Structure formats: C-alpha cells, structure tokens
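A short write-up of the structure that comes next.
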Amino acid sequence: MADPVLQIEDLGVRFHLKRGRLTAVERVSLTVNRSETFGLVGESGSGKTVTARAVMRLVPIPPGEIFQGRILFDGENVLDKSEAEMRELRGRKIAMVFQEPMSALNPVFTVGSQISDALRTNLGMSKKEAKERVIELLNLVGIPSPESRYGNYVHEFSGGMRQRVMLAMALSCNPSFLIADEPTTALDVTIQATILELIESMTERFHMSLIFITHNLGVVAHTCDTIGVMYASHLVELGTKNEIFANPLHPYTQGLLNSIPRLDTQAKFLTPIKGLVCNMLEPPQGCKFNPRCEHAMDICSQEVPPLKEVAAGHFVACHLHP
Amino acid sequence: MSDYFLEVKNLTKHFPLNNDLISRLGGKTRTLKAVDDISFFIKPGETLGLVGESGCGKSTTARLITRLIEPSSGSIYLKDDDLLSFLPERMLDVRKTVQLVFQDPYSSLNPRKTIMQILSRPLEVHNLAKGWTAKRRHVLHLLRLVGLGVEHADRYPHEFSGGQRQRIAIARALAVSPQLIIGDEPVSALDVSIQAQILNLFRELQEEFNLTYLFIAHDLSVIRHISDRVAVMYVGKIVETGTVDTIFENPKHPYTHALLMAVPHADPLKPPPRLTLQGELATPVDPPPGCRLYGRCPIATDVCGEVSPELVDRGGEHYVACHNI
Ligand SMILES: Nc1ncnc2c1ncn2[C@@H]1O[C@H](COP(=O)(O)OP(=O)(O)O)[C@@H](O)[C@H]1O
Ligand SMILES: Nc1ncnc2c1ncn2[C@@H]1O[C@H](COP(=O)(O)OP(=O)(O)O)[C@@H](O)[C@H]1O
Ligand code: SF4
Ligand code: SF4
Ligand SMILES: [Mg+2]
Ligand SMILES: [Mg+2]
C-alpha cells in the first residue's frame, strides 16, 4: 500500500531579483512514499534544487518567496513550522546531500568533529558516544581506517571520499528521508558507480525514502522507482521508471531520451531538441516548452497544460494528452 | 608518405614537484608522471576518441600536441614532419593546421570583445582576410557554418548560452581552415539536449571539410558516438586502443572492462552499473614500477607489480597493454 511521507502540492517558488521576477518552481505536485526512491530529472536551471531546498526550507528568503502550495511531511505542512521546529526536522528526519561537498563541510574543522558536533547537538550524545558513532558511520560508508581519518580535514579527502563523508553526515541522525542533490555529478564514472551502490544499500538498509536529483537519465534508470521530469520550473511528466523509459509521453521527455548518445550502438547523427532553454526571466506564455516543441498547437502558447493522469500512475502536462 | 595524419611516439611529460611540502620535507624532488610513454596515431579524416578519468593525462596530451607545453621526451609527427623540431615561425603554420577547442567556452572567449572581434583575430594573425569587408564576410560565413546568424556578430560572449559559446569557439577554430581539431572535452559542460546539437555540428563539419579529430571526453557514451577508434587512458598510460566496436563490444583490458561496467545505461532493462575494481584511482606521483592498475586489478599476477606492460598489437588495429591477456 502507498504510504505517503512527502506530499508536495501545487508548490510555487520565485525570486525577486534586480533584473526582474524569476519563477523557479511553478505548480509542482508530487508524492514520495515510504521506502520509495524518487528521481527528479531535468537540465540545469529547471528548478530541481529549488524544489529540494523548499522541502528543507532552505530557500533564501528574500530574495526567494514560496508564493503558493503546501509541503506535507508526515502529514504536517513544513511551511507552517517555526525555525526551531525546522531545525529539529532537518537534524532528525530529513537529511540532504549536496552536489558540492566542499560547500557543505567546513574547511577549518576536522571532518570527525563536524559530524560529532551535529550528533551532540541533535541527539544529545556525549563526546565519547558521538566519536564512537562517527567512526561507525565512516566505516559504514566505506572510508578505510576511519579511526585515523576522523581527524582529517575535507581537503585531505578525494572527491569520492568527500561524498562518502557527506553521506555519513546525512545518515548520522538516522533520517527517514534523504534528499541527494546531484551527489555524483562531479565524480568520475567508476566512483559514481560505488557511490550509487552505497546510497542504494543505505536506503534499503534503513528503509529510507529518497529523492535523487540528477540530470543524468542513466543514473535514474537504475536507482529510482519513480521519475519526475522537470522543464523550466514545471513538472512535465511523472511515472514509474519503466513507464517513463518505455512509454515517454511528453515531447520534452522524448527529446531528452533521444538526445543521449547510446552505449550499445552507434548512430551517425543524434536527434536533439531544437533551440535553447527559455530565459526564465521572460518565459514564453502557455507551455514553457512550446518554442522548442515539434507538436506545438495554438493552445500551447496560450494555456499552461495541467499535469493530468493519463494512465494509472502516469502523469503528463501536455495539451496532446488532455 | 606517412599513412597517418598525426603520430605520437613514446610521448612523455613529467612534472617535477620540487616545491610541494612533501618533496621539501623529504629533501628530494617527486615527479608527477602526467603522460608516460604513450604512442598512438590518427588517420586522415578519422576521429580518435581519447577517454579516461579525470587526471589521467588527457589535457596534457592535447597541450603537448599543440605545443602549448614541451614534452619531457618522445616525438610527434604531423604527416611526415617532426613537429618538435619546428622553430617558432613554423609553429605558426602548425597552428593553422591544428586547432584546439576547450571544455569551458566561458573562459576561452575574451569577455570584452565582440564575436566579430573574436572571430576576426585569427584571420588577422594568419593574414587570411584584408580589410573590414573581407573580414566581416568571412566572419559571417563562419557564424553560418556553426548555426549562428548575422545578428550575433556584434554581441559579447556573456550574451550567449553555454552551447552557443561552444559554437563560437568552434567557429574560431574553423577560421584558419584547420585540418586537425583537438576537442578537449568540448561537450562535457553542456546539458544533454545541447550536447546532442554540438555533437551533430562536429559531425557535419567533419563531413564538409574532411576534418580529422582528436576528441577528448570522459563520457563513454559520447566517445562511442563520435569515435572511429578509441584510446583508453589510465594514470598517464594508454592501456588499450582499437576501433570503436572493438573497444565497446570486445574490450580486453581489465580497466576498459571496468569503465564500461561502471557506466549507467539510460535503459532500466540493462544491468545496473557496478565497479569491478578495488579501491580508488592510483596516483601519478612517483608511481611504483609495474602496471598502474596493479593493486586494483582482479586478474593481477606477480609480474604486474614489477614490469610495466607495453601495448601489444593483437591485430585489426587493436592494441592492449596487459600481461595477462
Ligand atoms: N538563490 C537564488 N537567487 C536567484 N535565483 C535563483 C536562486 N536559486 C535558484 N535560482 C534560479 O532558479 C532557477 C532554478 O534553479 P535550480 O533549482 O538551481 O535549477 P536546477 O537545480 O534544476 O539546475 C534558475 O533559473 C536559477 O537561476
Ligand atoms: N602544470 C602542471 N604541473 C603539475 N602537474 C600538472 C600540471 N598540469 C597537469 N598536471 C597533473 O597532470 C595530471 C594529468 O592532468 P590532465 O592532463 O589535466 O588530466 P585530464 O585532462 O585527463 O583530467 C594530473 O595529475 C594533473 O594534476
Ligand atoms: S503542451 Fe504543446 S508545446 Fe507543450 S509539450 Fe505539449 S504539444 Fe508541445
Ligand atoms: S598487467 Fe596485470 S595488473 Fe595490469 S591490467 Fe594486466 S593483469 Fe591487471
Ligand atoms: Mg541543481
Ligand atoms: Mg582535462
């Protein structure tokens, strides 16, 4: 049975900038169930990180503004919580792994002391307990000789090892929900493979729900149960992994899949999506994809297509599928 | 006459690390073997894909071939000419034949110059167009070749998206009518829908001008798509080279194998990615004798720790450097 942990309903986030008003997330609705792995894909600037940060209430306000919608976590609206309640939620229940570990870890403290400080603040552990737990965690995420690595600084770790440290930090408070924002994008494929395996085994072992953000459709093809595709601030398609890959319905999803060079055969030319991503300060009217879409009709430049269920569990926002 | 457009023999670039802390404490200079005795060739009109993980020496190889840096030893032949024997004046000619396109179009285009000025510059340096009208005509032609228009000529780089800037960088390379283009990760920073457009552009230009490419990437699907032949690099060494079908369908070297197993296919029906090697990347600093993969390799034997394997010809343009194949 579906057991929703996170329900995002009609979320809208915008930024008030000198250059104008930028809507980064618009009418986004999605649900993540217990123990489910949800892959959020889309090209850069489509609104993936802002969506994730809204869940954590980490969107900078101002210039940001969450102008509509609800984010229910375990049935309670995150947007109604006080800052103290949010700190508690972030420490204990939801954790996030960022693309660039250097920005999340402090370079002047040892890695071990940073994680143990978090444990002492969030879980009230003693100094000794916390240190033992950190070593256990570093071991869990596959850092060799964790006792001696405890006292190292971030710059003494390689890219892959930093991502392991980030994961250890995220897991430290036994979260039931993990958000991983492009955790492997900056890594080489062999390191990516080990990190993906690690995340998968951790979420399974601790029955965690996971939002996995990436622009790499190869990565979601193997790590996720459900996939949401974002384009220019909108969620344009949502469905099970197999449905999205076998039967993509939104012209953008189709274009994205056609753009990827294949590993098993060689084609002379690829079939790219024409044109460029729209300027988010002056997006087109109607469907944001209409200037690039081969199937665009009159209505497409007038009305934003709503996300509709076209088959069980398969949602599409496109006027071709009314 | 050489059959090859470019041939690289025993090319080596060692960086002495005499200023780093560990070298000073130890009282002796350590050596970073960025490129260590590599050999390969590229035939006219073909694309050689050079693939490997970050730090394995791909950019250093590109910089050596364009003589942006000088090798520690080895030779580079451009058709029948020994490139390293050229004096600076002749290098200007070589720069007309060989052009480099970088990964980062943001930093390779001068932000204070218009596209017109950026693209006229190589024409001036190589004396290819005299007078304003001739230059402008030439530049507009270049812009059309890369899918941009007249309206773009008088704008500045910051007014363009990443993909468009890469088109401008390609137009600049084309300005001197080169025969060999070295692309150092030219699509790595682009989103996939734009990457596909630029990959197609590389193909179209190759057909139109019979260009030869050395195409560097770390993304194996890009390499599979664009290459005729592939060279796989690991920590300063080429471990395997062969036709694109051989490398992807019948790889022999344990490292090539591992790389291919680690790539996630955009197809849930294919097996998930996994790593068949132990541990992390080896270091290029004072590497121990023997194979660079020793210590990670699942089929290593004692000899691997002592003797560095040479590339051995296995027929059909397939070369593998491994003691146990
Ligand atoms: N703090 C911010 N201030 C202003 N604009 C922002 C901020 N964060 C994100 N944006 C804008 O919001 C849009 C979506 O960004 P983001 O969610 O980071 O995209 P993605 O993660 O999909 O690459 C982009 O146009 C981005 O420039
Ligand atoms: N000027 C330099 N001085 C010292 N080391 C260098 C220099 N240039 C490159 N290196 C080192 O050489 C190795 C190969 O680098 P590079 O050719 O840039 O790799 P790739 O392009 O495959 O990522 C790396 O370890 C890098 O740090
Ligand atoms: S709504 Fe119209 S423009 Fe948008 S994807 Fe569908 S057909 Fe294309
Ligand atoms: S030479 Fe030995 S260590 Fe190197 S790849 Fe071959 S078997 Fe492995
Ligand atoms: Mg992001
Ligand atoms: Mg490089």
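Any residue that is more than 20 Å from the chain's Cα centre (by Cα), under 19 Å from residue A:49 (Cα atoms), of a type in the set (A, V, I, L, M, F, W, C) and away from ligand 5 (no atom under 16 Å from the Cβ) - is there at least one of those in the stretch A:259-279? Checked against the condition, which is being more than 20 Å from the chain's Cα centre (by Cα), under 19 Å from residue A:49 (Cα atoms), of a type in the set (A, V, I, L, M, F, W, C) and away from ligand 5 (no atom under 16 Å from the Cβ), the stretch A:259-279 yields at least one hit.
Among the residues here, residue B:93 does not qualify as under 30 Å from residue B:224 (Cβ atoms), open to solvent by 60 Å² or more (accessible area, probe 1.4 Å), away from chain A (no Cβ under 14 Å) and away from ligand 3 (no atom under 16 Å from the Cβ). Within the stretch A:70-91, residues that are acidic (Asp, Glu) have Cβ atoms under 8 Å from residues that are open to solvent by 70 Å² or more (accessible area, probe 1.4 Å) and part of a loop (DSSP other than H, G, I, E, B) in these pairs: A:74/A:93, counting only partners at least 6 apart in sequence or on another chain. Of the residues A:159, A:218, the single one that is open to solvent by less than 50 Å² (accessible area, probe 1.4 Å), within 13 Å of chain B (Cβ to nearest Cβ) and at pLDDT below 85 is A:159.
Residues in the stretch A:238-254 that are open to solvent by less than 10 Å² (accessible area, probe 1.4 Å) and not hydrophobic (A, V, I, L, M, F, W, C) were compared, and the one that is nearest to the other protein chains (Cβ to nearest Cβ) is A:252.
If the condition is being within 16 Å of ligand 5 (Cβ to nearest atom), assigned to a loop (DSSP other than H, G, I, E, B) and closer than 22 Å to residue A:106 by Cα, then the stretch A:166-218 contributes A:182, A:183, A:184, A:185, A:186, A:187.
None of B:276, B:283 is within 12 Å of ligand 4 (Cβ to nearest atom) and either within 30 Å of residue A:260 (Cα to Cα) or not small (Gly, Ala, Ser) (or both) except B:276. How many residues are touching a Phe, Trp or Tyr at 6+ places or on another chain (Cβ under 9 Å), open to solvent by less than 40 Å² (accessible area, probe 1.4 Å) and not polar (S, T, N, Q) if we restrict to the stretch A:116-147? Residues flagged as touching a Phe, Trp or Tyr at 6+ places or on another chain (Cβ under 9 Å), open to solvent by less than 40 Å² (accessible area, probe 1.4 Å) and not polar (S, T, N, Q) within the stretch A:116-147 amount to 4.
Do you know which residues across the stretch A:288-298 are open to solvent by 60 Å² or more (accessible area, probe 1.4 Å) and closer than 13 Å to residue A:320 by Cα? Once the filter is applied, which keeps residues that are open to solvent by 60 Å² or more (accessible area, probe 1.4 Å) and closer than 13 Å to residue A:320 by Cα, the stretch A:288-298 yields A:294, A:295, A:297, A:298. Of all residues in the stretch A:251-286, those that are of a type in the set (Ser, Thr, Tyr), within 15 Å of ligand 3 (Cβ to nearest atom) and assigned to a loop (DSSP other than H, G, I, E, B) total 0. Beta carbons closer than 9 Å, at least 6 apart along the sequence or on distinct chains, never pair a first residue in the stretch A:46-62 that is within 16 Å of ligand 4 (Cβ to nearest atom) with a second that is in a loop (DSSP other than H, G, I, E, B). The condition of being in contact with a helix residue (DSSP H, G or I) (Cβ under 7 Å, 6 or more places away or on another chain) and more than 16 Å from ligand 3 (Cβ to nearest atom) does not hold for residue A:32. Looking only at residues in the stretch B:260-306 that are at the interface with chain A (Cβ under 10 Å from one of its Cβ atoms) and among the small types (Gly, Ala, Ser), which one is farthest from residue B:14 (Cα to Cα)? Only one residue tops the list, namely B:266. Where residues in the stretch B:205-224 are within 11 Å of chain A (Cβ to nearest Cβ) and farther than 19 Å from residue A:262 by Cα, which of them is farthest from ligand 4 (Cβ to nearest atom)? If we take residues in the stretch B:205-224 being within 11 Å of chain A (Cβ to nearest Cβ) and farther than 19 Å from residue A:262 by Cα, then B:207 is farthest from ligand 4 (Cβ to nearest atom). Yes or no: residue A:289 hydrophobic (A, V, I, L, M, F, W, C), within 30 Å of residue B:205 (Cβ to Cβ) and within 23 Å of the chain's Cα centre (by Cα)? When the stated conditions are applied, residue A:289 passes them. For the stretch B:33-54, how many residues meet the condition of being surrounded by 19 or more Cβ atoms within 10 Å (Cβ to Cβ) and within 11 Å of ligand 2 (Cβ to nearest atom)? Of the residues in the stretch B:33-54, 8 are surrounded by 19 or more Cβ atoms within 10 Å (Cβ to Cβ) and within 11 Å of ligand 2 (Cβ to nearest atom). Going by the conditions given, is residue B:99 away from ligand 1 (no atom under 16 Å from the Cβ), outside any helix (DSSP H, G or I), within 14 Å of chain A (Cβ to nearest Cβ) and open to solvent by 30 Å² or more (accessible area, probe 1.4 Å)? Against the criterion (away from ligand 1 (no atom under 16 Å from the Cβ), outside any helix (DSSP H, G or I), within 14 Å of chain A (Cβ to nearest Cβ) and open to solvent by 30 Å² or more (accessible area, probe 1.4 Å)), residue B:99 does not qualify.
When you scan the stretch B:73-81, do you find a residue that is open to solvent by less than 50 Å² (accessible area, probe 1.4 Å), assigned to a loop (DSSP other than H, G, I, E, B) and in contact (Cβ under 8 Å) with a residue 40 or more places away in the chain, even just one? No, the stretch B:73-81 contains no residue that is open to solvent by less than 50 Å² (accessible area, probe 1.4 Å), assigned to a loop (DSSP other than H, G, I, E, B) and in contact (Cβ under 8 Å) with a residue 40 or more places away in the chain.
Scanning the stretch B:283-320 for residues that are over 16 Å from residue B:37 (Cβ atoms), touching a residue at least 24 places away in the same chain (Cβ under 8 Å) and either in a loop (DSSP other than H, G, I, E, B) or within 16 Å of ligand 1 (Cβ to nearest atom) (or both) returns B:283, B:297, B:298, B:299, B:300, B:314, B:316, B:317, B:318.
Quick check on the stretch A:196-212. Is at least one of its residues of a type outside the set (Gly, Ala, Ser) and under 30 Å from residue B:147 (Cβ atoms)? Checking the stretch A:196-212: not a single residue is of a type outside the set (Gly, Ala, Ser) and under 30 Å from residue B:147 (Cβ atoms).
The single residue among B:125, B:150, B:101 that is under 24 Å from the mean Cα position of the chain (by Cα) and not polar (S, T, N, Q) turns out to be B:101.
Is it the case, given these coordinates, that residue A:235 is facing another protein chain (nearest Cβ under 8 Å) and either farther than 24 Å from residue A:54 by Cα or aliphatic (A, V, I, L, M) (or both)? No, not satisfied.
Selection within the stretch B:225-248: residues that are farther than 30 Å from residue B:175 by Cβ and within 9 Å of chain A (Cβ to nearest Cβ). The member of this set that is farthest from ligand 2 (Cβ to nearest atom) is B:245. Once the stretch A:276-287 is narrowed to residues that are open to solvent by 40 Å² or more (accessible area, probe 1.4 Å) and modelled with pLDDT under 90, the residue that is nearest to the other protein chains (Cβ to nearest Cβ) is A:276.
The values are calculated or read from the model by the stated rules, or taken from the named source; none is laboratory data. All values reported here derive from a predicted model rather than from experimental measurement. Virtual Cβ from ideal backbone geometry, glycine too; neighbours counted across all protein chains shown. Please note that ligands, DNA and RNA were not included when accessible areas were found on the heavy atoms of the full protein model with its side chains. Shrake-Rupley method; radii C 1.70, N 1.55, O 1.52, S 1.80 Å.
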